[in-house]
Amino acid sequence: MDNERVAVIVSHPAHLLTVAGMLLRWRPHLLIVYRAVVGAGAGQEEAVRAALEPLGVANRLTSFAISETESFDRALAGDFAFHTNIGTRVGDWLRAIRPSMVLGDAYEAYNFHHDVTRLLLDNALRGGFGRTIANYEFPLSCRIDRPGAAVRYGAFPFGVSRPLRLSADELVVKRELIAAVSRVDPFVADVASLFANPGVERYRMVPADRNYTIPPPGLARYYDERGRVVTNEGLYPRAITFNEHFVPLVRTLGMSPAAKAA
């Protein structure tokens with residue numbers, strides 16, 4: 001990657017910690033799409049930005065600070081123009097940065113915003129840049145579609161991927177970053193230990209013919225499962241589902257197989 005101009009696009013700030021080795025080694029331009037305004041993720045962006053400051057990459061970080069709450073509300077209302085406009089902003093950012101390689105959240109059917117960010121990125125890369133931009137994804141969390149399977153963190157359970165193996169010094173810095181954010185963010189503190197091998201950061205090429213109207217092969221529709229839990233517990237009156245809210249956005253963007261063929 002020595003001669004690459006790299007960009008990293010994530011839905012949530014803490015995702016940058018999972019690829020801290022890439023940040024250290026490749027010094028990419030960074031984009032965070034969403035901001036939590038309530039709940040466990042509130043204040044996370046500020047904590048991550050402060051942790052990255054000593055590394056000299058915080059000045060390469062752009063945040064759209066789009067409210068997760070508003071995003072959910074717009075999706076539930078069927079307002080697909082809201083997310084289409086976010087995709088336009090992603091494309092504009094890419095044109096300004098002019099990367100030759102971009103990495104982002106993987107498509108895992110685990111979290112609506114993770115998947116939307118991946119979808120918007122892939123759609124933006126179709127927008128005519130006059131050159132090829134290598135498109136990669138890195139794993140966050142997923143569940144194999146098998147009864148009783150546990151959620152897996154930081155791993156691709158299927159397929160081929162590339163490993164970035166951190167040096168001892170890089171791993172020390174990564175652990176320090178995670179510890180710094182964990183001290184002020186209980187969610188990061190809880191999840192960090194679930195990433196089994198922080199010394200290896202995996203990534204893989206995104207297939208151009210991926211079908212976003214179905215979950216990735218072998219993976220469960222986890223945000224459907226989570227949605228049933230939160231509605232049954234009375235936490236929310238309605239929940240985001242794969243078929244009702246994600247697939248219509250795929251079709252609106254012309255990213256379904258039928259639309260691509262046309």
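Per 10 Å bin from zero, what fraction in whole % of the C-alpha pairs of the chain is there, up to the bin with the longest pair?
Cα pair-distance distribution for the chain, in percent: 7, 30, 39, 21, 3, 0.
Say R0 is 22 Å: what FRET efficiency, to the nearest 0.05, do Asp92 and Val184 get from their beta-carbon distance?
After rounding, the FRET efficiency stands at 0.10.
Which of Gly78, Gly148, Gly104 moves most in a GNM of the chain, Cα contacts under 10 Å?
Among Gly78, Gly148, Gly104, the largest mean-square fluctuation in the Gaussian network model of the chain belongs to Gly148.
Which of His15, Ser256, Gly154 sits farthest toward the positive end of the charge dipole of the chain, with +1 on the Cβ of Lys and Arg and -1 on the Cβ of Asp and Glu?
Ser256
Let's see if you can work this out: charge +1 on each Lys and Arg Cβ, -1 on each Asp and Glu Cβ, no other charges. What is the dipole magnitude of the chain about its Cα centre, in debye to the nearest 20?
Details: 30 positive and 27 negative charges, 137 e Å.
Using only the charged Cβ atoms, the result is roughly 660 debye.
How far apart, in nm, are the 7 Å Cα→Cβ label points at Ser193 and Arg251?
4.5 nm
List the relative contact order of the range 52-118 as a percent without decimals, with contacts defined as Cα pairs under 8 Å and 6+ residues apart.
Reported relative contact order: 14 percent.
Mind telling me which of Asp115, Asp79, Asp169 comes out most flexible in a GNM of the chain, alpha-carbon contacts under 10 Å?
The residue that fluctuates most here is Asp169.
Bear in mind these aren't lab numbers, they're just calculated from the coordinates by the rules spelled out. Just so it is clear, the model here is predicted, and its values are computed rather than measured. Cβ: placed from backbone, ideal geometry, glycine included. Neighbour counts: every protein chain shown.
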